[in-house]
Amino acid sequence: MVTVVQAKGEELERAFSTLGFLNSEAALHVEAGRTEWFFCRGLTEPLPRRLHAALIGEGIVRYEAADGTAILLGGCRSAWRALLARFPDESGWTEIGERIAKSLGLPWSLRAVTRLAGEDWHWGERTYVMGILNVTPDSFSDGGKYLDLGAAVAHAEKMLAEGADFIDVGGESTRPGADPVPESEELRRVVPVVEAIVKRLSARVSVDTYKSAVAKAAVEAGAAVINDVTGLRGDPRMAEVAAELGVPIILQHIQGSPKNMQQDPRYVSVVPEVLQGLKDSADRALAAGVRPENIIVDPGFGFGKRLEHNLTLLARLAELRTLGYPVLSGTSRKSMVGAVLGLPVSERVEGTAATVALSVAGRADIVRVHDVGIMVRTVKVADATFRDQLVVRR
Ligand code: HH2
């Protein structure tokens, strides 16, 4: 029988000593603002293991018994809010999450698992890597390289062999100043490539489009995710179509449109404004019938942002977690890296690796990258460093 008790004062001190830790630890954490503590006892496998996965990187400190049957968890309210939004959607968990939410007076929802291409993706366990495949003549870093079907499939195969979890196929460049591509042309570029990658390589594919007709055709050809860089602002039908198709959708923040977004981007305060824009997009999706577990959010690096906006968003990426949805970070080879280093697109791989590691530290769930092999290795080290550091075992 699992018991969950909110521990304060003497009870908190008793919990620390039950687990074999010094009471002075409690005082240190309380001083650091970790004021809400819960003592869970009577845990049996697989509960503790899944508890770890859920807690990863949420700013929650955990102390546990050597045999894994008891765990003491502490964090500030905002850390609990972010964690509760993503508690595991599994039996045994509901009562623990509900109990904690009730004690703190926080909303209780279950959004930690997304069904993606026939599998359950447990957000928080590791960082997923999305490999970029631009079937365009003019993308900023790889334009024209994969226009031919054979070259596109071969590049997807290479990225999968290097460890990509899925391939993002795009048929319209969204680089600053880019002109929109007619729907018929985007369909012609994207659909055969999606179909070939899904059929020949059994790969998971997302389609990078803001046009609902392209999203629909790509999903019918086998794509498992829609990636909308306009966060539902580009096509009024997209929300409805995504709901009908029932697949996950990535909602990215953008100020303006690709054509004009870099002309004069302005924010009074970039993080709250991006958060609000993403919340509006997510609410629009929910209102159209998209299930909450099918929403993924993305701050949109370089999409209507100056260098300082991009760097601030990266440094404060973890704040996006308070929205309660998985987070994608797309910094690969972008101008924010080039501007800091003063280097062209072809020489931004190390700078990108730094932003990828920082994204993992900022609790990103997916990173969208060109140089898959290098970034898979970067992610592994960052995951090992950041995702499992808050546990204290005797
Ligand atoms: N960035 C680009 C395109 N699509 N999608 C998401 N969700 N997040 C991003 O950051 C993002 C995106 C731009 O990069 P790229 O595809 O390499 O270039 P281009 O738009 O020129 O094709």
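Some values worked out for this structure:
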quantity: Charge dipole (debye, nearest 20) of segment 94-177; +1 at Cβ of Lys and Arg, -1 at Cβ of Asp and Glu; calculated: 340
quantity: Extension gain from residue 377 to residue 45, taking 0.36 nm per residue of separation minus the Cα-Cα distance; calculated: 116.5 nm
quantity: Between segment 310-378 and segment 191-210, the alpha-carbon center distance in angstrom; calculated: 24
quantity: Average Cα contact separation per residue, the chain, under 8 Å, 6 or more apart, as relative contact order %; calculated: 16
quantity: Anchor residue 8: lysines whose Cα lies under 20 Å away (excluding residues fewer than 8 positions away in-chain); calculated: 102
quantity: Per principal axis, descending, Cα span of the chain in whole Å; calculated: 67, 42, 38
quantity: Top positive-direction residue, dipole computed over the chain with Cβ charges, set 3, 202, 159; calculated: 3
quantity: Given 145/279; 199/259; 279/334; 216/279, the pairs whose alpha carbons are separated by over 31 Å; calculated: 145/279; 199/259
quantity: Span-like helix ranges in the chain, DSSP H, alpha carbon extent 24 angstrom or more, Kyte mean at least -1.0; calculated: 183-201, 270-288
quantity: Student exercise, the chain dipole from Lys, Arg, Asp, Glu Cβ charges, in Debye to nearest 20; calculated: 420
quantity: Lys/Arg +1, Asp/Glu -1 at C-beta; the chain dipole; positive extreme among 317, 278, 328; calculated: 317
quantity: Farthest positive-ward along the chain dipole, Cα basis, beta-carbon charges - from 353, 105, 181; calculated: 105
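We did not get these values from a lab; they are worked out from the coordinates using the rules stated. From a predicted model like this one, the values you see are computed outputs, not experimental measurements. Because the Cβ atoms are built from the backbone with ideal geometry, glycine has one as well, and the counts that use them run over all protein chains shown.
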